[in-house]
1. Which of rounded, prolate, oblate describes the chain, given a ≥ b ≥ c as roots of the alpha-carbon gyration tensor eigenvalues and a/c under 1.5 marking rounded, otherwise prolate only if a/b is larger than b/c?
2. Could you tell me whether the stretch 53-98 comes out rounded, prolate or oblate from its Cα gyration tensor? Rule is a ≥ b ≥ c as square roots of the eigenvalues, rounded for a/c under 1.5, then prolate if a/b exceeds b/c, otherwise oblate.
3. Would you mind pulling out the separation of the Cα centroids of the stretch 63-98 and the stretch 1-54, in Å?
4. Under a 10 Å cutoff between Cα atoms, tell me which one of 61, 43, 23 has the largest fluctuation in the Gaussian network model of the chain.
5. Quick check on the exposure proxy: order 10, 1 from fewest to most C-beta atoms within 10 angstrom.
6. Considering the chain as a Gaussian network with a 10 Å cut-off on Cα pairs, which listed residue, 47, 64, 19, attains the greatest mean-square fluctuation?
7. What percent does the relative contact order of the chain come to when contacts are Cα pairs within less than 8 Å and at least six residues apart?
8. Calculated from DSSP H runs of 4 or more alone, at -39500 (n - 2.57) each and per residue, what is the 222 nm mean residue ellipticity of the chain, nearest 500?
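Each value in this text was obtained by applying a stated rule to the coordinates, not by laboratory testing. These numbers were taken from a predicted model, which means no experiment stands behind them. So basically every Cβ, Gly included, is an ideal-geometry build from the backbone, and we count neighbours across all protein chains shown.
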Ligand SMILES: [Zn+2]
């Protein structure tokens, strides 16, 4: 990848600081940095969602209540169908994590 500021080749770098997270990107000797756009977008979406209280309605399939994860949350966390997650009950809240 070429730097748009100085025209030199940029070096791929892992773990660049972006909004208190670390993502991959490219660095140039002139000081210019490009972040991986897909990873950057995920971080921005995740930061936005962290500030929201997302309301969802419980569904039911046979005897099980179904908790639907909105598409935006799926995208931000990179979760997909079939992924195993863990439920923890905390007073009247459920914490879902990996
Ligand atoms: Zn440069």
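1. Since a/c reaches 1.5 and a/b is larger than b/c, the shape of the chain is classed as prolate.
2. Since a/c stays below 1.5, the shape of the stretch 53-98 is classed as rounded.
3. Cα centres, the stretch 63-98 to the stretch 1-54: 27 Å.
4. Most flexible of the set in this elastic network: 61.
5. On the way: 10 20, 1 11.
Exposure proxy ranking, most exposed first: 1, 10.
6. Highest fluctuation of the listed residues: 64.
7. 14 percent
8. -6500 deg cm²/dmol
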